1. If you take the residues of the range 1-14 that are within 23 Å of A107 (Cα to Cα) and among the small types (G, A, S), which of them is nearest to the chain's Cα centre (by Cα)?
2. Here are the criteria: (1) more than 15 Å from A126 (Cα to Cα); (2) outside any helix (DSSP H, G or I); (3) out of contact with any Leu (no Cβ under 7 Å at 6 or more places or on another chain); (4) modelled with pLDDT of 90 or more. Tell me which single one S71 does not satisfy.
3. Would you check if there is a residue in the range 160-174 being more than 20 Å from V31 (Cα to Cα), over 16 Å from the mean Cα position of the chain (by Cα), outside any helix (DSSP H, G or I) and touching a residue at least 60 places away in the same chain (Cβ under 8 Å)?
4. Name the residue, out of G26, G39, that is assigned to a loop (DSSP other than H, G, I, E, B), over 14 Å from the mean Cα position of the chain (by Cα) and surrounded by fewer than 18 Cβ atoms within 10 Å (Cβ to Cβ).
5. Taking the range 124-138, which residues are assigned to a loop (DSSP other than H, G, I, E, B) and either out of contact with any helix residue (DSSP H, G or I) (no Cβ under 6 Å at 6 or more places or on another chain) or among the aliphatic types (A, V, I, L, M) (or both)?
6. Which of the residues belonging to the range 83-119 are out of contact with any Pro (no Cβ under 9 Å at 6 or more places or on another chain) and within 19 Å of P12 (Cβ to Cβ)?
7. Would you be able to say whether some residue in the range 68-77 is in contact with a Ser or Thr (Cβ under 9 Å, 6 or more places away or on another chain), of a type in the set (S, T, N, Q) and crowded, with 17+ Cβ neighbours inside 10 Å?
8. Would you check which residues across the range 1-23 are small (G, A, S), under 20 Å from D92 (Cα atoms) and either in contact (Cβ under 8 Å) with a residue 40 or more places away in the chain or in a helix (DSSP H, G or I) (or both) and list them?
Amino acid sequence: MSVMLFGEAPGPRGADQSGIPFWGDGAGITVYRALVATGRAEVPETAWEDWDGARFKALGLRPRLLGTALSNAYPACPTKDGEHFHAPSNRDLLAPPNLARLAAELAQAAAGAPGQLRVIAFGKRAEWVLSRLPGAPAFDLQPLPHPSAQGLLQGAPNRGKGMKLDDLRIAWQMQLQTLLAPS
């Protein structure tokens, strides 16, 4: 691997259903568009028709990743009631088993990297925990706002007032494509 992408946590209707980071999440479609555009993933054509993690799992649809690894800062979809997603807490993120998992995933990805592993963190929570990771191999951390509507609006100038969400998604995708390009 030469690049590893980290989200915050699996989304309830996407990755929590499909078992693959961003695969079926509303925010994930932009991630996979950038991966495909840069030659880092192959996505079955039928996936674009209805982007839904449960559907992907039922049909056995999976992306093929090329030189790229995907993960999340927290491995499970955090909910209090089994339905409504909430951000993982600091306690969740800094729990020793979670930190050990993150360090092991980074070590595995770095072992296959031709140079220093480039890690792209989506959102402040992913960036926060990855910058506090003891025992992890050296990596180049590149933060981006989370690709969800909320993350894009919060990361935009003036919190996105007067801007179109589609324009923010396109700009974000272009930023990710730039970071995914070989250095």
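1. Residues of the range 1-14 that are within 23 Å of A107 (Cα to Cα), as a first pass: 1-10.
Adding the requirement that they be among the small types (G, A, S) leaves 2, 7, 9.
On the way: S2: 15, G7: 3, A9: 8 Å.
Per the stated criteria, the residue is G7.
2. (1)
3. The answer is no, given that none of the residues of the range 160-174 is more than 20 Å from V31 (Cα to Cα), over 16 Å from the mean Cα position of the chain (by Cα), outside any helix (DSSP H, G or I) and touching a residue at least 60 places away in the same chain (Cβ under 8 Å).
4. Exactly one residue qualifies, and that residue is G39.
5. Keep residues of the range 124-138 that are assigned to a loop (DSSP other than H, G, I, E, B), which gives 131-138.
Answer for the range 124-138, where residues must be assigned to a loop (DSSP other than H, G, I, E, B) and either out of contact with any helix residue (DSSP H, G or I) (no Cβ under 6 Å at 6 or more places or on another chain) or among the aliphatic types (A, V, I, L, M) (or both): S131, R132, L133, P134, A136, A138.
6. L93
7. Yes: one or more hits.
8. Residues of the range 1-23 that are small (G, A, S), as a first pass: 2, 7, 9, 11, 14-15, 18-19.
Subsequent filtering for residues that are under 20 Å from D92 (Cα atoms) retains 7, 9, 11, 15, 19.
If the condition is that a residue be small (G, A, S), under 20 Å from D92 (Cα atoms) and either in contact (Cβ under 8 Å) with a residue 40 or more places away in the chain or in a helix (DSSP H, G or I) (or both), then G7, A9, G11, A15 are the ones that fit.
The values are calculated or read from the model by the stated rules, or taken from the named source; none is laboratory data. Fair warning: this is a prediction, and the values are worked out from it, not measured in the lab. Neighbour counts run over all protein chains shown; Cβ positions are idealised from the backbone, glycine included.
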